[in-house]
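Here the structure comes first, spelled out in structure tokens, and everything after it is commentary.
The values are calculated or read from the model by the stated rules, or taken from the named source; none is laboratory data. Being a predicted model, the structure only gives us computed values, none of them experimental. Methodologically, a virtual Cβ is constructed for each residue, glycine included, from the backbone with ideal geometry; neighbour enumeration extends over all protein chains shown.
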């Protein structure tokens, strides 16, 4: 049976900015040691781990260390779920790549990424691969970490007890050649069924095509007859001012392509 109201519907529609959180272990001297490693390794990607309260440098044995990270299998075998893997993005994006997301899922531990340039940090360290504790409203935008799909996953987990899979995705995956079509290919695998847009209920999702050549690349949750919860994408991979929010459905409906209904919680 579909719920008719959600806790989020009672919250304010203009939330204050929520701040991305890092592990409590990410403090000096750990963070300073990791950043120094990233600076020393530039233009190659540094890689290390945080465990037992300390940062440990590891060797990046990738054939192309300026664009990839690879660890000796013997080192990988020593990593445990309470370890945090840290690596740098030299002159790279301030979001995880699809490859980052795949490896993180395989290892099953949180990752911290350090955006680094020749002169030093290009942005703040950020973490992914852990359970998000940020509120649903007021999140900054970081693709692959805090984006529209991450908001949907957190909403369905918190409000309906549904565990949705994550999908590795590069920034602007909808513009690749050939483009990926993650929403169109993925909603049925997660137990969602298509319904008419005119028949949506609270808890359903609406899928949109925005600046994407018809590819579904945005999703929103129906909160009530007039409002949706969503995280509009920014023009770049990270934007601390682009917040998840409650919006009027009427503003966005012209971009809607289809609606889908989640499976009933078990």
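Which residues, counting only those in region 159-176, are assigned to a loop (DSSP other than H, G, I, E, B) and more than 26 Å from residue 239 (Cα to Cα)?
The initial filter retains those residues of region 159-176 that are assigned to a loop (DSSP other than H, G, I, E, B), namely 161-172, 176.
The answer is 161, 162, 163.
Anything in region 224-233 that is crowded, with 21+ Cβ neighbours inside 10 Å and either assigned to a loop (DSSP other than H, G, I, E, B) or not assigned by TED's automatic domain parsing to the domain that holds residue 246 (or both)? List them, or say none.
Hits for region 224-233 are 231, 233.
Considering every residue within region 192-206, establish whether at least one is assigned to a loop (DSSP other than H, G, I, E, B) and without any contact (Cβ under 8 Å) to a residue 12 or more places away in the chain. I'd like the intermediate steps shown before the answer.
Taking region 192-206 first, the residues assigned to a loop (DSSP other than H, G, I, E, B) are 192, 196, 200-204.
After this cut, where a residue has to be without any contact (Cβ under 8 Å) to a residue 12 or more places away in the chain as well, the list is none.
No, every residue in region 192-206 fails to be assigned to a loop (DSSP other than H, G, I, E, B) and without any contact (Cβ under 8 Å) to a residue 12 or more places away in the chain.
Quick one: residue 106 ticks every box in (1) in a loop (DSSP other than H, G, I, E, B); (2) modelled with pLDDT under 95 except a single one, so which number is it?
(1)
Go through region 177-191 and report how many residues are assigned to a loop (DSSP other than H, G, I, E, B), surrounded by 12 or more Cβ atoms within 10 Å (Cβ to Cβ) and modelled with pLDDT under 95.
Of the residues in that region, 3 qualify.
Given 100, 91, which one is surrounded by fewer than 18 Cβ atoms within 10 Å (Cβ to Cβ), under 22 Å from residue 124 (Cβ atoms) and touching a strand residue (DSSP E or B) at 6+ places or on another chain (Cβ under 7 Å)?
Only one candidate passes the filter, namely 91.
Quick one: in region 17-58, of everything that is in contact with a helix residue (DSSP H, G or I) (Cβ under 8 Å, 6 or more places away or on another chain) and modelled with pLDDT of 95 or more, which residue is nearest to residue 86 (Cα to Cα)?
48
What residue, of 131, 83, is free of Cβ contacts under 8 Å to residues at least 12 places away in the same chain and either in contact with a strand residue (DSSP E or B) (Cβ under 6 Å, 6 or more places away or on another chain) or within 27 Å of residue 203 (Cα to Cα) (or both)?
Step by step, each of 131, 83 is checked, and only 131 is free of Cβ contacts under 8 Å to residues at least 12 places away in the same chain and either in contact with a strand residue (DSSP E or B) (Cβ under 6 Å, 6 or more places away or on another chain) or within 27 Å of residue 203 (Cα to Cα) (or both).
Collect the residues in region 241-260 that are touching a helix residue (DSSP H, G or I) at 6+ places or on another chain (Cβ under 9 Å) and either modelled with pLDDT under 95 or not in a loop (DSSP other than H, G, I, E, B) (or both), keeping them in residue-number order.
246, 253, 256, 257, 258, 259, 260
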